[in-house]
Amino acid sequence: MSSILNDSYAEEKTVFDAKFEKLKKLISNSRRMTVFTGAGVSTLSGIPDFRGKHGVYTDPWMGLDVEEIISLTFFRRSPDIFYKWAEDVWYRLEDYEPNIVHKVLARMQEKGMLQSIYTQNIDMLHHRAGSKNVYEVHGSPRLHHCTKCRKEFSYEEIAPVVHRGEVPRCPACGGVIKPDIIFYEESLDSHVLESAFTDFSHTDLCLVLGSSLLVQPAASFPQIALQSGAELVIVNAQTTYQDANAALVFRDLRQTFEALDSWIG
């Protein structure tokens with residue numbers, strides 16, 4: 001196992017440099033690279049891990065189970081309580097900035113080195129960094145829709161209403177407005193799933209960044225890539241069930257992306 005520097009996940013320079021040379025060759029030889037990002041990328045921007053041991057979703061809120069609060073049934077019954085909970089969790093995302101991972105991925109995409117990004121995160125930071133072809137597997141509050149007439153609203157329109165302590169309602173029909181986040185009891189977007197199957201089936205290099213590959217079905221995307229003959233690179237602090245199948249495994253996102261940042265210039 002690679003030696004670790006102090007309490008960080010960064011590897012010793014000689015160990016890291018040797019592995020990074022292999023990563024550069026994989027990227028240089030790739031014609032269709034696909035990226036899959038998880039909570040570890042968000043935490044690098046200071047966003048708490050929603051599903052971690054003491055994550056926002058795992059600790060009760062006002063005596064309520066958060067997984068119940070973000071279910072479709074609860075939202076329909078008590079949108080006022082949902083929005084009180086969501087105000088500090090989902091409606092202060094503008095307080096966070098894209099980090100080096102988001103920025104480097106956006107630059108790699110600009111240079112034609114990267115095709116598409118699939119993210120489990122709802123923080124909109126890939127979009128804010130300038131990335132295109134971003135698929136938000138679990139949705140995001142970037143867009144909202146009226147539950148009655150389906151009129152569309154932006155995060156910027158809805159966040160101030162939530163901060164006033166009000167339930168956002170459609171000015172056209174009075175219906176309750178819901179963020180385009182996949183709640184419990186909702187299915188993932190079929191278009192996103194179809195695109196994922198196509199992209200991961202045709203990729204030749206799959207990067208898994210900041211995900212322990214535990215939440216299904218999104219965690220199966222890299223498996224599709226492997227079965228199609230792609231090389232797999234994992235950058236994640238904790239081990240994953242795919243580590244043994246990966247061409248390379250790094251533990252520190254910052255160390256890896258600072259090196260990528262220097263390399264792509």
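For the chain, the antiparallel share of DSSP beta bridges with both residues in that region comes to about 35%. Using R₀ = 30 Å, calculate the FRET efficiency as 1/(1 + (r/R₀)^6) where r is the Cβ-Cβ separation of Phe197 and Lys111; round to 0.05. Efficiency at R0 = 30 Å is approximately 0.70. Put a plus charge on the Cβ of each Lys and Arg, a minus charge on the Cβ of each Asp and Glu, and nothing anywhere else: the dipole of the chain about its Cα centre is then about 560 debye. Take every Cα pair under 8 Å whose residues are at least 6 apart in sequence, average their separation, divide by the length of the chain, and the relative contact order is 22 percent.
What 222 nm value per residue comes from the helices of the chain, counting each DSSP H run with n ≥ 4 as -39,500 (n - 2.57) and dividing by all residues, nearest 500 deg cm²/dmol? Numbers along the way, then the final one.
Values: 11 runs with 99 residues, N = 265.
That calculation yields -10500 deg cm²/dmol at 222 nm.
Restriction of the GluC sites (Glu not before Pro) in the range 166-265 to DSSP coil positions whose beta-carbon has at most 12 other beta-carbons within 10 angstrom yields Glu166, Glu185.
Each 5 Å bin from zero up to the one holding the largest Cα-Cα distance in the chain carries the following percent of pairs: 1, 6, 12, 17, 18, 16, 12, 8, 6, 3, 1, 0, 0. Report, in degrees rounded to the nearest 10, the 0 to 90 angle that the Cα long axis of helix 100-110 makes with the longest principal axis of the chain. Taking the Cα atoms of the chain, the angle to 100-110 is about 80 degrees.
With neighbours defined as other Cβ atoms within 10 Å of a residue's Cβ, the residues Lys24, Lys103, Lys111 order from fewest to most as Lys111, Lys24, Lys103. Note that the range 135-142 has calculated 3J(HN,Hα) couplings of 10, 8, 4, 9, x, 6, x, 4 Hz, one per residue in order, obtained from phi through the Karplus relation 6.51 cos²θ - 1.76 cosθ + 1.60 (θ = phi - 60°); glycine and proline are x. Listed by chain and number, the aspartates and glutamates placed with their C-alpha closer than 13 angstrom to that of Lys22 are Glu231; residues fewer than eight positions away on the same chain are left out. In the chain, taking the dipole from charged Cβ atoms about the Cα centre, the farthest positive-side position among Pro48, Ser116, Trp61 is held by Ser116.
Axis angle, to the nearest 10 degrees, between helix 13-29 and the longest C-alpha principal axis of the chain: 80 degrees.
Cβ crowding within 10 Å, taken as a proxy for footprinting-reagent exposure, orders Ser211, Ser131 from fewest neighbours to most as Ser131, Ser211. Taking amide H as placed 1.01 Å from N in the peptide plane, Phe250 has its amide H under 5 Å from the amide H of Ile234, Val235, Asn236, each at least 5 places away in sequence or on another chain. Between Cys173 and Thr58, the FRET efficiency from the beta-carbon distance, with R0 = 41 Å, is close to 0.70. The angle between the Cα long axis of helix 253-264 and the main principal axis of the chain comes to about 70°, on a 0 to 90 degree scale. In this calculation the C-beta distance from Ser190 to Glu258 is compared with R0 = 41 Å, giving a FRET efficiency of 0.60. Computed about the Cα centre, the dipole magnitude for the range 66-216 is approximately 340 debye when only Lys and Arg (+1) and Asp and Glu (-1) carry charge, each at its Cβ.
Taking other C-beta atoms within 10 Å as the exposure proxy, Arg76, Arg251 rank Arg76, Arg251 from fewest upward.
Values in this text are rule-based calculations from the coordinates and carry no lab data. What you see is a predicted model; the values in this text were computed from it and never measured. Note that each Cβ is placed from the backbone with ideal geometry, even for glycine, and that neighbours are counted across all protein chains shown.
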